[in-house]
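Notes for the one structure printed next.
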Amino acid sequence: MTYAITPAIPAGTLSASAQPSIPSHDGALLLRPWEAEDAPVLQRAFQDPAIRRWHTHHVNAPEEARDWIASSHRSWQREQAVQWVIAWADGEPLGRMALRWMDLLHGLAECAYWVLPHARGAGVASRALATLTSWALDEAGFHRLELAHAVDNEVSCRVATKSGFALEGTRRGAHLQLDGWHDMHLHARVQGDA
Ligand SMILES: CC(C)(COP(=O)(O)OP(=O)(O)OC[C@H]1O[C@@H](n2cnc3c(N)ncnc32)[C@H](O)[C@@H]1OP(=O)(O)O)[C@@H](O)C(=O)NCCC(=O)NCCS
């Protein structure tokens, strides 16, 4: 099969290098790859009711946390997804930022995140999303980043709009969660957006 278009990001471009660690613009935060020693934090995060509520995959046991971290490294190698720890500059974990469903041919991917309860309300998610967005659109070569959240998740909606992800519409009954089917807001940022 021959592509009729030039891929936005040629296959092999990302995985040719190690997954990058990316400082936030103000230097306070660092997006860094997950390490085996982050497993207890990952497992603890999934004891939080809000993180459990809005995610369909839970991490309930130490071996699940270790598997999740190992699979995040494989996802980078396969150019399918990128998972970062959101950390203070000294490395202390605060949350998770991800690019998933990566489609390199079309330069598309979806952002996802959570922040540990004690770190919320301090601009961690917004700054981490801005950091990811700069890397993805300005350096990695993605063309369009999507972000979907349940319509009821008003805080996530605020993170998205504050970070320049315009609301494009509502996908009806698009996501099955613990309490049933949810309508989802679709937000996106496209290369060249202000
Ligand atoms: C959604 C989440 C990632 C936000 O993380 P955060 O670091 O607290 O977000 P920020 O501090 O960057 O806040 C972003 C905006 O939301 C607002 N906000 C934060 N917490 C809020 C709350 N509980 N109620 C209302 N607004 C809130 C902030 O005030 C800020 O808006 P502002 O700049 O206009 O004041 C975090 O609450 C979380 O992990 N929730 C559980 C998991 C989840 O919902 N993940 C997203 C799934 S789509």
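The values are calculated or read from the model by the stated rules, or taken from the named source; none is laboratory data. Predicted model, so just to flag it, every value in this text is computed and none were measured. With ideal geometry, Cβ positions are generated from the backbone for all residues, glycine too; neighbour counts draw on all protein chains shown. Areas reflect the complete protein model, heavy atoms only, side chains present, ligands, DNA and RNA absent. Shrake-Rupley method; radii C 1.70, N 1.55, O 1.52, S 1.80 Å.
Some notes on this structure:
- Basic side chains Lys and Arg get +1 at the Cβ, acidic Asp and Glu get -1 at the Cβ, and with that the dipole of the range 136-191 about its Cα centre reaches some 120 debye.
- Among THR131, THR170, THR56, the residue with the largest mean-square fluctuation in a Gaussian network model of the chain, with springs joining Cα atoms closer than 10 Å, is THR56.
- Whole-number accessible area per residue in Å² for the chain, which is evaluated in the context of all protein chains at 1.4 Å: 51
- Dividing the mean sequence gap of close Cα pairs (under 8 Å, 6+ apart) by how many residues the chain holds gives a relative contact order of 20 percent.
- Dividing the C-alpha radius of gyration of the chain by 2.2 N^0.38 Å, with N its residue count, gives 1.00.
- A straight chain from GLN77 to MET1 at 0.36 nm per residue would run longer than the Cα-Cα distance by 25.0 nm.
- Residues ALA174 and ALA50, FRET efficiency given R0 of 30 Å [Cβ-Cβ distance, rounded to 0.05]: 0.90
- Ordering TRP68, HIS187, SER15 by the projection of their Cα atoms onto the charge dipole of the chain, which places +1 on the Cβ of Lys and Arg and -1 on the Cβ of Asp and Glu, puts HIS187 at the extreme positive end.
- Length added when fully stretched, ALA36-ARG158, from 0.36 nm per residue minus Cα-Cα: 40.7 nm
- Carbon plus sulfur fraction of accessible area for the chain, probe 1.4 Å, in percent: 53
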